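These notes are about the structure you will find just below.
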Amino acid sequence: MIEVKHIFKSFEGQQVLKDVTTTFEPGKTNLIIGQSGSGKTVLMKCCIGLHTIDKGEITFDGRVFSNLDEKKRKHIRQEMGVLFQGGALFDSYSVEENVMFPLNMFTNMSTAEKKKRVDYVLDHVNLPGANNKFPGELSGGMIKRVAIARAIVLIPKYLFADEPNSGLDPKTAEVIDRLLSDLTQEFKMTTVINTHDMNSVLQIGQRINYVHKGELWWTGTNKDILTTNNAELNEFVFSTELTRRLKK
Amino acid sequence: MQLVKESGEFVLLMLETVRRPDKWKMFRHQLIIDIQHLGTDSIGLVAFISVFTGAIIALQVSYNLDNPLIPSSMVGYMTREMMILEFAPTIISLILAGKVGSLIASEIGTMRVTEQIDALRVMGINPPNYLILPKMVAAMIYFPILIVFSMLLGLFGGWVAGVFSGLVPSDDFILGLRSWFNPFSITYALIKTVVFAIIITSISGFMGYTVKGGSVEVGQNSTKAVVYSSILIIVWDLILTQLLLV
């Protein structure tokens, strides 16, 4: 379980996160939703240690992460998999080399073992045989799937995904959602997904955190979200005519 | 104020860079790739510039020493001194600052704006150590080789230009090359080269690593990398000459 306790974060005097407290539960797809500029990406970057928080505490299964220096964070980092918005694949490496990278850095596995693990995860993300392709040869959806394969190759305890559906067509977006949800169940990971895609929210949102103007405004499930009376959340979720009609 | 801030950031980045690599096997792998990119791929350019520089020096010296009291072997002597002391280490380093410096800054800068550096960080890898240190070591190993190569080709170019233009007999040029040779000149040139290699890779690495924004900023920082490296090369050329030769 990841616990976020009373965290504050500001940039050049502008308060971006204000007293955010929440938990991300294991074996569940935990979503962070909110409008652009609401602070959801900052919240995720604080959780993975790319931003230093001003105040508060972030713990991973009881281990305080936020106050540690880079050297001491290393152990917890190796239990994390992160999927970045653009995939962040290494351009000069092939798919196999990208996915194998964490294994090369952090394990003493033999080449055969590493290759077997790479094939295993590529198979899981429905990309068998893509080993020798380069990122420049892949479509947006394939890049996301390779990035997921790299994120899970060490079988992490915690998986973070920053807007995994951005730039994808609805069908591919659904495939990525389903994949993240299935992997969460299979590997019993604590998955945190940052999104503003309402399809994702309704399909895989087992625990949803709505961030509004830097504050945690609402938490609940994808069932609760349809019946909530929270005005700001309703305005965000049912912002289009179509969704308003569907609610009725 | 901005200069002080950037200097502080540069020092902090270098402290993070110059550390024991996380995994030696990966460091060696990256080092070989960087030797290829930064060194071997520059051989053609260095060869071309060196031959022509040597030839031009020989012709200019011949033109300026057109006096029956000055032996023609001085053309070989002066070509050697100018190539070894200044043209090979400094001019070739300035050329490499343009070629290699912009390559490093744009490569690392692109990695920064596409979140590849963040990806390394969250994996628990020290990105400057993984990305910049192999480039520094590769340049420190390979640039001196390139400079010795440049010296030899420059002298060859001078000989070709002097002899085939009919300005200096071959024997006289070779006699000049062998006269009053001080081996410390080579040591001096190589010390300068190693310092310049550190300047080029560290400044370019810093400029790439600190890119904020998108492709426009990557281009701007690549240009800054070349400009700052060139200025520092010239400044350090003066300092090292004062310290080592005078």
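Laboratory data are not the source of any read-out in this text; all were calculated from the coordinates shown. This one's a predicted model, so the numbers in the text were calculated from it and none came from an experiment. Every residue, glycine among them, receives a Cβ derived from its backbone with ideal geometry; neighbour counts consider all protein chains shown.
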- Note on the structure: Here the gain from full extension of B:Leu12 to B:Leu238, 0.36 nm per residue of separation minus their alpha-carbon distance, amounts to 78.7 nm
- Per residue of segment A:215-229, in order, report the coupling 6.51 cos²θ - 1.76 cosθ + 1.60 (Karplus, θ = phi - 60°) as ³J(HN,Hα) in whole Hz, putting x for Gly and Pro. 10, 6, 9, 7, 9, x, 9, 5, 7, 4, 5, 6, 10, 5, 9
- Query: Hey, rough spin-label estimate for B:Ser215 and B:Val227, points 7 angstrom out along Cα→Cβ, what's it come to in nanometres?
  - Reply: 2.2 nm
- Please list the radius of gyration and Dmax for segment A:2-221, considering alpha-carbon atoms only, with Å as the unit. 17.1, 52
- Excluding A:Asn98 itself, calculate the net charge of residues whose Cβ lies under 12 Å from the Cβ of A:Asn98, where each Lys or Arg counts +1 and each Asp or Glu counts -1. 0
- Message: Compute the angle between helix B:24-34 and the longest alpha-carbon principal axis of chain B, please, reported from 0 to 90 degrees and rounded to the nearest 10.
- Response: 50 degrees
- Let me know the volume per residue of the alpha-carbon convex hull for segment B:2-244, in Å³. 140 Å³
- The alpha-carbon center of segment A:12-37 and that of segment B:18-78 are separated, in whole Å, by 56 Å
- Fraction of alpha-carbon pairs in the protein assembly as shown farther than 38 Å apart, rounded to whole percent, equals 41 percent
- Message: To the nearest 20 Debye, how big is the dipole of segment A:99-248 about its Cα centre, given +1 on the beta carbon of each Lys and Arg and -1 on that of each Asp and Glu?
- Response: 280 debye
- Task: Could you work out the local net charge near A:Pro170, counting Lys and Arg as +1, Asp and Glu as -1, over the other residues with Cβ closer than 13 Å to its Cβ?
- Result: -2
- Query: Could you give the length gained on full extension between A:Thr21 and A:Glu241, defined as 0.36 nm per residue of separation minus the Cα-Cα distance, in nm?
  - Reply: 75.9 nm
- Item | Proxy reagent accessibility, fewest Cβ within 10 Å first, across B:Val75, A:Val121, B:Val227 | B:Val227, A:Val121, B:Val75
- Over the whole of B:109-118, what's the average partner chain Cβ count within 10 Å per residue? Rounded to a whole number, please. 4
- Task: Using only Cα atoms, locate the centre of segment B:180-219 and the centre of segment A:165-228, then give the distance between them in Å, rounded to an integer.
- Result: 48 Å
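Given contacts defined as C-alpha pairs under 8 Å and at least six residues apart, what's the relative contact order of chain B, whole-number percent?
34 percent
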- Note on the structure: Expressed as a whole-number percentage, the relative contact order of segment A:2-221 with C-alpha contacts under 8 angstrom and at least six residues apart is 32 percent
- Query: Excluding A:Gly214 itself, what net charge comes from residues whose Cβ is under 15 Å from its Cβ, given Lys and Arg +1 and Asp and Glu -1?
  - Reply: +1
